[in-house]
Structures are given as C-alpha cells and as structure tokens.
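I have placed the structure first, in the form of structure tokens, so that the comments after it can refer back to it.
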Amino acid sequence: MVWFLTSSHRFLRDRTTKALVSLFADRIHVLCQVIRNFVEVNDLYVSERLYSVAYGCALRSNDPDAKTSLAQLVYDLVFKDGSPPCHILLRDYARGVVEVALRDSLNLNGVERHKIRPPYKSEWPLQIPSEEEAHEYGKLSEEMSHEQQAFRLIYNSVMEYGDFARYIIGNHIPWLERRLGEKHKLSRKDQLDAFVASLTDRQKRAWDFYLDIRERPRFYSLDGTGLSDTLEESLPHESDSTVAVSQAERRFRRTLGKKKEHVFLELVLLYLNAPLSEKDELALPSSIAQRWILKRVRDLGWTEDRFGRFDYDLELYGDPGRGTTKPERMGKKYQWVAYHEFLAHLADNLEFREDSWSEEQGVYDGPWQLWLRDIDPSSLLKSTRRSKWEPNVSSWWAPVEFHAWTDEMDETQWLNRLDLLPKITSLPVVTGLEDGREWFVLECTYDWEEPTPPEKNRLDLKRRHIWYMLKSYLVKSDDEKCFCDWAKDQHFMDRWMPESHEQTSIFLGEFFWTSAFKYHQSWTRGDSRSLPCEVLVTADEYLQERGYDCSIEDAIYMYLPAKWIVDKMNLSWYGEEGCYSNRVGHLVAQDPSARTAGRGALLMNKCLMSEFLECEGYRIVWTLLGQKSIRGNWKKGDYFPGRLELSGYMRMRDGQLSGEATAFWRTQESDLKKIERIDIR
C-alpha cells in the first residue's frame, strides 16, 4: 500500500493515505517498522505521505506508549541531526508527530524543541539555471517524438502560461531576496524619506509644490501660486500638464546643491516614476523558482524513456478540464516535489512576509500560512451527513416540524400571522434518542418550506418559506440581565453580532492546541455595535474543502465547541469526528451531523454544561433570528407582499426557558416597522 504513494493519480494516493491511517492508528508499533523499512526511499512523494500517515495516527491514537515510540522514531530519523529533509510538507507532518508527544508531556529522549521548528538548515544559494539555459529546455521542433513533447508539457506548465506557473508558483512566494539575519539595507523608499528629511525649509516648500503639481497638474494655472516669494522666478503660464511638472521640477532642482541634486536624479526621481514598496522591491522573482523547479524535475528522475509516453498519452486522452481532482502527469508529480523542496529552501534562508500588504518582517511557522496543505490525515470522513440547502429536514436535535402552509389565506395574510410560526421553545434544549439525555443546542439553522407537488419543479414556483438561525453566547452571571434587557430592543438582521467562522488549513486533530490554530473565539464586546457586556461565542467551525484532496467526496464542515470552553471543561478529541469528551470519557460536545443526517449543530451535554456554568459563574444566552417570506420565481410586475422578520433572545432561569422576540414587517429593503413583541415560554 505504501508504494501506491508514488502514484500521480491523486485518488489512489490520497485514499491510500487515509487507508493507512485507518490501518495503523491502533497498530502504531507496525507503522514504526514500516517507516524504518522506507528510510532509504528516494521518492519524496512517498516519504511526505508516510509522515502524513504518522501524524494522522498520532492525532487519532489514545495510546501514550505507542505515541511515544512513534515520536521518538520520527525525531531521530528527521530532526536529530538538525537538517531534516528539504520538503516543506514532510517537515510539517514529522514536526506534528513530535509536537503531539510534547503536548501530552510524553517522555522523549534527547528532544531539542528548536530542532523540530523552523527555520531549519538547508543549502543556499541554490544553483539556478540562467534564462538561456531554461529556454533550451523549451525548444520545440517538428522532429520531436511524443516522448520529447511530453517534456515540453512540463516546460509549458512551469515556465509559460500553465496553471502551475500562474496559480501555484505565482501565488506562494512570499519571501524576499534578503537572507535571514542579514543587516537591512535601506530600501529606495527609506532613502527617499531620508532625502526629504534633509531638505531645508525653502527646499521643502519647493518640494511640496513639486509633489502637488505632479499629482494634480491640471489644477494649477502655473502663475506661481503656492510658491514662496523668496523663489527667484515664478512659473510661466502654460496649459500643458507635462510642461507644468517639468517646470516645477526644474524650480525645485535650482534650490538644491550638487550633492542633493545628484541624489534626486539618481534615486528620488526613479522612485517617483516607478514607486515600489520594500516588499515589491526585494520580492523574490517567481522566475527563479520556475527555472530551479524545471531543472529539478530532471534531477529527481523524470526522463522521456521512463515517463514520456505515459505523460503524453494522459495529456492526450485524460481529463481535459482544469479541475484539481484528477489524475496528473508523472511530470506534475515531480513538479510538486520540486516546488515543495524549493519552498523549504526559502523558509530556511530568506526573510518571510506572510501578509502581502505588510512591510513588517514576518515569521514563517508552517505551511498552513501559505495554504499549502492538501490533505487532513486526522479525519477519515469522506463526507458528513449535514444537510445543506434542503428544507423541512428534521432530526432528534432539530425536531420541530411545520405544516401550516394553509391555502385558506392569501400571501400577505399568511405572512402576518404570528401564530403560524414553528415552535421556538423546542429549539434550544433537545433529548437524545438512545440515552434520553438532554442537550443544549448552542448553534443551528432551521429551514421550512411549503411542499412542492411531485410533478413540479420547486424552483419554478413561489413557495411559502420560514427560516430560523439560533446562536448562543456565554455571559457572566452578573451580566445576564443586562444582556437580555439590551437584546430585547435589538434587531439581529445582517448578522452584526460576533459569530463563529470556519477555519481551513488546520487539521481536525489540531484544534485547539497547535500554532496553526490562531483565530479562535474569545471574550468580546463586538465590533460593529457596542454590546452591553462581554460575551463569548460558544462555537468554532472546521472546514475541509475538496481542493486537491481526492480522499473526500464533498467539503467537510462541522461545529466544534469554542476553545475557551474546551480548555475550561478539560475536553479532548479522541479520534471520533465531531465529538469532544471529558477526562472520564463522557461525551460532552458533538456535532451529530458528522455521522447522522440532519442540520449542522453544536450540542453540549445539558447536565455537565449546567454544572460547569453554575460552578464558574456563567450563563448561556441565545439569540434568535428568523424570517417568514415568499420565495420563488418572481416575474416582472409581481406584487411583493413583504416579509416578516423575527429577532429575539432566550435564557434558562430555574431550569425553564424564557425570552422575548420582536416581529418586524419589511416591505422594502429600507422600509422596516416593528409590529409586535412575542413572549417565548
């Protein structure tokens, strides 16, 4: 099975990776032997994924002795000598295996933490082919065989206008041509600032006028307006903007001595005509990466004899689309290996800028910063059972059904009937089917729609429709009343309250402890509107998109409890997707849609959550947002009957749910009227 990891067929390689995790998660002692057997393999496509399997097993395993043995082996093979293999993803997976052991305080021998974390050591500068040498690779002639033309496919992909050159290499080179630890030279912008700071008052006035006329030349009559009387002569009248700028420049230069004028001509003027940020000025050209990768494909073993015919035929007869989830040429496999090698060299040696807009030096910590990860080895799901856009989906945790679509009244009458709404009080607390335990529903959305006759297409018809959005927050006990008094006068439409957001490029097993996990819910008073007290959003969200991952059939999306709750309640993930348990093994938090059909939702064990909140001095408050409307195929001239909007809050008092909601009537986007309050009991 491990040899399948050599394949350029993404479906085979990715599903083999997950199969190996499934096979070895409870047999780590066997995995250790397999890793030893492959120590000398010279195909980084295999090594990278074998360490990915190791990381997946470490994250899913609950055997501390097995994880200790695995982490010790990986450290000794990869990091002990201080020079791990030069592959940015392999290092990430191997590091993760050791980090899991350190997180769990397992007893490792001789582990030096700085060795498992970047920057590492690797060769620099690299031998980069010249543009002329690279061009020789791409020559095409009529006498070329199909095998030779196959290398031309690699050349096009890496050097010219292929997606690999434009969207892979072009998007992920956030390093500067400046060595780590190198003394910073002044950029052209820095030198410009120093030049301006050196100007006298008279020179500065002429400089300011020169800059202003460069930016807005047509707003000046060129009669000297804005120039000091101490200047020797005023500018002549002239309507041409180019001449105006030229005149202003000459007037400024006459205020300068020879030395400053030389600096102006040789540096300042060049910068003004083509301004570059320091990042742009020092950015590593993508052409360097392209030329090195092109040569490296050959060095790694791609030859016409080995792979030429295969690649040519795959290009000719394979999937012609531009999608990421398809079998690839063997040449593309070597492109990926070379690309990940090159990025590892950059990370070891050059200054990193994570944010494209920032002029501040960044710190490279891992490939998640570059969105390079292409598979999550900790999750074995092919898809979740979460319902997406389907209306009228009920489950034990979303049990409320609605059937009052009566035809006895017209659309406006139906919309205005507040008694024709799904039951709100049945949403925040539900009962499990198997064990009869009660659960708090901390986050969920609900959707009900008028049934469509089976012979009709629902999108062709107007349908009566209702949706609810339930969210929750923790507040301090002393702040509960303050929050509720405030919430009853709010309208939560437009979702301006703090809320959970999905996180990608982080593995399911990495919540909430790795450095990759940075953006989590914390106590806040909100951004867009001032909340009356601090609140904590109770949920985090995990999203694994399809992308390049052919081991999954659809995006995997699930709710997780917020980091603060996980930490305070001592919860852990034990390898079952969507579930968090306490130290004695009791299930405390879950998103049941990970494995059971229904709405995505975050559930918390009511008994255990209530005990925790009472002990720590916190309360749960829920917000409700809803809408009752007519959806469907609107035609020009159709009468718009308006829609009903609901906004409210709920809380638990003495074991009973209570709250208030306000109904709003909207006839147009800007026409909103409060019509009635509703008690929730």
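The values are calculated or read from the model by the stated rules, or taken from the named source; none is laboratory data. Bear in mind that the values here come from a model prediction, so they are computed numbers and not experimental data. For neighbour counting, all protein chains shown are included, and Cβ atoms are generated from backbone atoms with ideal geometry for every residue, glycine included. All accessible areas refer to the heavy atoms of the entire protein, side chains included, with ligands and DNA or RNA removed. Shrake-Rupley method; radii C 1.70, N 1.55, O 1.52, S 1.80 Å.
Filtered by the rule that a residue be out of contact with any Phe, Trp or Tyr (no Cβ under 7 Å at 6 or more places or on another chain) and under 30 Å from ARG91 (Cα atoms), region 380-422 gives LEU380, LEU381, LYS382, SER383.
On the basis of being touching a residue at least 60 places away in the same chain (Cβ under 8 Å), of a type outside the set (A, V, I, L, M, F, W, C) and out of contact with any Phe, Trp or Tyr (no Cβ under 7 Å at 6 or more places or on another chain), does HIS340 make the cut? So HIS340 passes the test.
Within region 622-674, the set of residues being hydroxyl-bearing (Ser, Thr, Tyr) and in contact (Cβ under 8 Å) with a residue 12 or more places away in the chain comprises THR623, SER629, SER647, TYR649, SER658, THR662, THR667. Note on region 374-393: residues that are among the acidic types (Asp, Glu) and open to solvent by 60 Å² or more (accessible area, probe 1.4 Å) total 1. Residues in region 652-681 that are under 11 Å from LYS488 (Cβ atoms) and among the charged types (D, E, K, R) were compared, and the one that is surrounded by the most Cβ atoms within 10 Å (Cβ to Cβ) is GLU660. Only one of (1) in a helix (DSSP H, G or I); (2) without any contact (Cβ under 8 Å) to a residue 40 or more places away in the chain is not met by GLY181, so which one is it? It is condition (1) that GLY181 fails. For ARG322, the criteria (1) assigned to a helix (DSSP H, G or I); (2) surrounded by fewer than 17 Cβ atoms within 10 Å (Cβ to Cβ) hold in every case but one, which is (1). Of all residues in region 167-187, those that are touching a strand residue (DSSP E or B) at 6+ places or on another chain (Cβ under 6 Å) and among the charged types (D, E, K, R) total 1.
Residue count for region 84-114, restricted to those that are surrounded by 19 or more Cβ atoms within 10 Å (Cβ to Cβ) and in a helix (DSSP H, G or I): 14. Within the option set VAL196, VAL158, being at pLDDT 90 or above, under 17 Å from GLY331 (Cβ atoms) and not acidic (Asp, Glu) holds for one residue only, VAL158. When you check THR406 against the structure, is it of a type in the set (Val, Ile, Thr), more than 21 Å from ARG677 (Cα to Cα), in contact (Cβ under 8 Å) with a residue 24 or more places away in the chain and in a loop (DSSP other than H, G, I, E, B), yes or no? No: the conditions fail for THR406.
Taken over region 394-409, residues that are among the hydroxyl-bearing types (Ser, Thr, Tyr) and either surrounded by 17 or more Cβ atoms within 10 Å (Cβ to Cβ) or over 20 Å from TYR557 (Cα atoms) (or both) amount to 2. With the condition kept exactly as written, say whether any residue in region 507-517 is in contact with a Lys or Arg (Cβ under 8 Å, 6 or more places away or on another chain), open to solvent by less than 30 Å² (accessible area, probe 1.4 Å) and within 30 Å of ARG322 (Cα to Cα). There is at least one residue in region 507-517 that is in contact with a Lys or Arg (Cβ under 8 Å, 6 or more places away or on another chain), open to solvent by less than 30 Å² (accessible area, probe 1.4 Å) and within 30 Å of ARG322 (Cα to Cα).
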